[in-house]
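The values are calculated or read from the model by the stated rules, or taken from the named source; none is laboratory data. Every value quoted in this text rests on a predicted model; they were computed, and no experiment measured them. Every residue, glycine among them, receives a Cβ derived from its backbone with ideal geometry; neighbour counts consider all protein chains shown.
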Amino acid sequence: MDQFGTLTSSIPWTTLISSKFNAALAGVFSHFLLAQWELDFHVHHLLMFWLFGYGAATYAVYADSFAASDASPISAVFSAIWITFTSAAVYFSTILCSMAIYRVFFHRLRKFPGPTMPAVSKLFCPWYIVTQRQLFLEVDDWHRKYGDYVRIGPQELSIIDTNAVNPILGAQSKCLKGPWYEAPCHTAGQSLHSERSKIAHKERRRHWDQAFSTKSINGYIPRLERIMLRLLCQIQARTGKPLVINHWIEFFAFDVTGDIGFSHDFNMIERAEVDDLIKLVRGGGDLFMAFNPVPWLLSTFMRIPSSEFKDILSRTYKILRERAAKTPSETDVFSWLLKPGKGISLNHNADARLLVLAGSDTSSSVLVFIFYYLCKYPDQLRKLQTVVDNVARAKGFLDAHTLMNVPHLDGVINETMRLHPPVIFGLQRQTPPEGIMIGDKHIPGNSHVRIPHWSIQRDERYFPNPLSFIPERWTTEPELIKDKRAFMPFNVGQHNCVGQRFAMIEMRVLVANLIRQFDVTFAPGEDGNTIVNGVKDGFTTKIPDMNIVFTPRSGVTSFE
Ligand code: HEM
């Protein structure tokens, strides 16, 4: 220790730290270490480690040079900062170069074709999404250029081969959910959806499967029908005027999920406005969309403390506490998820948010697109109206059981989900350490893979005339489906949509009753192009508003 209290040592720190060769060597070694682990969720630790290392190195150089010369303390500080800064620049540049060279020339996925930028880093994605266009569209172009297997990230492949569906997503698949799923868990609890462990997911899924068994769904139907009647009354009161169909469908979907989920009435249809909680849960949408493809960036971003997020947690807790305090007269989804006397955990909170978003954003986007197609093709509207009228002419309100077996109605829904899948860019999965075989192709271990719904469901090999809206593919023209494995809007296998049967019932009831009572056209000045061209991927599809006009039909039995 010198007279200024500075620690002195016999190690020549300045020489060691200022050597650019040493800095470059440390960079290569650091890259080697970083490549050994999945560090997506420890970036904040790494940043702290580097910051601490930088501080310690600066101090060591300062102490060393100050002891060795008669420089003033101020100039010794500046000189130490400069020496460490230049070495840090060399160190980090070497890490980046080493990563880039390794990823392009030596990585286990190097043999898969694709553009170079994504192979180097996924960091280009947020920049791309913000400044240019949606990634799912870009990847769609890459598939046309490079084929069925395209490298879309250093460690990620996009695949549009139907032989890949079962090995990647099927019930027997050895793949796990990819790191994307874990990104928000540290702050927000683990929902069923974000659970990556197969065993833990299976255990939790048991309760969800009970919540969506035929018996449970039959119990939710009267709730759904009551809400549908509310919606019919509100639309009836607004006939002849343009209205934003997205809003009304969302009010409906959120009211239904709140009610069947945890017996909570968001009452959005009656209030004709979005509930504050829903606004909050959907907040941060654009940033989320931009960071979405890069799990480590998403995870780091979500660590930034946010008062909005605290608000979401406390409001959801409040709703769940109120729900736990009563036994609803009709069972709901949380009747199966809450354990008596066990209290409400962070995971329950995460499950509540999952239910609200998974159950509403998805069906809403499909329903909006159904109205787009019915307005765009009036012949299709008339055909569907005739089919629906013939189901039960005497009934004013078409209940869920009456609509259980109307193939053309299901054809319209399926065709819309084919062209506009609510989960548009597919689901990230991680191959097991030994890799997987797809036909004779080996996908190396610990790779991330996805099958983009948008691209595979619009592939001409699987659906001839792929861009045309032809509901009859699903009924009278089966030759227009060449490979049904390519259709998977609800996903397949252990992680498929637990709510899919309820979703179909919900969509049938809404579409059939609205077109039974009303004719529907684009509002003046609307042609629907904005929604077709404005689709954004925020894991579920986000679409712009569309204005349409409902007009009462004459000669049909009224629902009132
Ligand atoms: C058109 C409507 C719907 C579509 C296309 C759809 C699609 C999907 C897809 C693709 C997944 C898999 C996600 C993944 O693996 O990352 C999923 C999961 C899920 N969906 Fe749906 N969904 C719809 C409606 C609903 C509804 C109405 C509910 C509930 C009321 C619901 C609840 C869930 C839940 C809880 C999961 C997580 C399942 C798990 O991880 O085991 N979905 N959905």
Hey, Phe309 hits all of (1) free of Cβ contacts under 8 Å to residues at least 24 places away in the same chain; (2) not in a loop (DSSP other than H, G, I, E, B) but one; which does it fall short on?
-> (1)
Any idea how many residues of region 321-342 are touching a residue at least 24 places away in the same chain (Cβ under 8 Å), under 20 Å from Ser213 (Cβ atoms) and not in a helix (DSSP H, G or I)?
-> 5
Do we have Leu467 as surrounded by 17 or more Cβ atoms within 10 Å (Cβ to Cβ) and either within 27 Å of the chain's Cα centre (by Cα) or more than 21 Å from Leu354 (Cα to Cα) (or both) here?
-> no
Here, helices (runs of 4 or more DSSP H) confined to region 173-253 with at least 1 residues that are of a type in the set (Ser, Thr, Tyr) and more than 30 Å from Phe559 (Cα to Cα) are 185-188
Asn547: surrounded by fewer than 14 Cβ atoms within 10 Å (Cβ to Cβ), within 27 Å of the chain's Cα centre (by Cα) and more than 16 Å from the ligand (Cβ to nearest atom), yes or no?
-> no
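Before we move on, is Ile413 farther than 17 Å from Phe371 by Cα and touching a residue at least 12 places away in the same chain (Cβ under 8 Å)?
no
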So which pairs qualify, if the first residue must be in region 534-560 and on the phi > 0 side of the Ramachandran plot, the second must be not charged (D, E, K, R), the Cβ gap must be under 7 Å, and the two must be at least 6 apart or on different chains?
-> Phe539/Asn292; Phe539/Val423
Please find, within region 178-189, the residue that is farthest from Val281 (Cα to Cα) out of those that are of a type outside the set (A, V, I, L, M) and surrounded by fewer than 21 Cβ atoms within 10 Å (Cβ to Cβ).
-> Pro179
Taking region 531-541 as the search range and keeping residues that are within 14 Å of the ligand (Cβ to nearest atom) and not in a loop (DSSP other than H, G, I, E, B), which one is surrounded by the most Cβ atoms within 10 Å (Cβ to Cβ)?
-> Thr541
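Touching a residue at least 24 places away in the same chain (Cβ under 8 Å), assigned to a helix (DSSP H, G or I) and surrounded by fewer than 17 Cβ atoms within 10 Å (Cβ to Cβ), is that true of Thr94?
no
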Expected single match for under 35 Å from the mean Cα position of the chain (by Cα) and part of a helix (DSSP H, G or I) among Phe112, Phe105, Phe41, Phe85 is Phe105
Looking at Ile249, Ile245, which is the one that is crowded, with 22+ Cβ neighbours inside 10 Å and in contact with a strand residue (DSSP E or B) (Cβ under 8 Å, 6 or more places away or on another chain)?
-> Ile245
Within region 140-161, residues being more than 27 Å from Leu192 (Cβ to Cβ) and not in a strand (DSSP E or B) number 12
First in region 256-270 and within 17 Å of Cys233 (Cα to Cα) and within 11 Å of the ligand (Cβ to nearest atom), second anywhere and among the hydrophobic types (A, V, I, L, M, F, W, C) and modelled with pLDDT of 95 or more, Cβ under 6 Å, 6 or more apart = Val256/Leu224; Val256/Ile227
Matching residues in region 356-366 (over 16 Å from Asn496 (Cβ atoms) and either within 7 Å of the ligand (Cβ to nearest atom) or touching a His at 6+ places or on another chain (Cβ under 8 Å) (or both)) number 2
Considering every residue within region 175-198, establish whether at least one is at negative phi, among the small types (Gly, Ala, Ser) and modelled with pLDDT of 95 or more.
-> no
Count of residues meeting criterion [surrounded by 13 or more Cβ atoms within 10 Å (Cβ to Cβ) and without any contact (Cβ under 8 Å) to a residue 24 or more places away in the chain] in region 118-130 | 2
Single residue of Pro452, Pro433 found to be under 23 Å from Pro179 (Cα atoms) and either surrounded by fewer than 19 Cβ atoms within 10 Å (Cβ to Cβ) or not assigned by TED's automatic domain parsing to the domain that holds Gln494 (or both) = Pro433
How many residues, within region 524-560, are within 29 Å of Thr386 (Cα to Cα) and modelled with pLDDT under 85?
-> 6
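So, in region 290-306, of the ones that are of a type outside the set (S, T, N, Q), touching a residue at least 60 places away in the same chain (Cβ under 8 Å) and part of a loop (DSSP other than H, G, I, E, B), which residue ends up surrounded by the fewest Cβ atoms within 10 Å (Cβ to Cβ)?
Result: Arg303.
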Are any of the residues in region 310-318 surrounded by 22 or more Cβ atoms within 10 Å (Cβ to Cβ), within 16 Å of the ligand (Cβ to nearest atom) and under 23 Å from Gly538 (Cα atoms)?
-> yes
Is region 343-360 home to any residue that is more than 22 Å from the chain's Cα centre (by Cα) and without any contact (Cβ under 8 Å) to a residue 40 or more places away in the chain?
-> yes
Test: Pro118 is outside the structural domain of Ala290 (by TED's automatic domain parsing), of a type outside the set (A, V, I, L, M, F, W, C), outside any loop (DSSP other than H, G, I, E, B) and in contact with a strand residue (DSSP E or B) (Cβ under 6 Å, 6 or more places away or on another chain) | yes
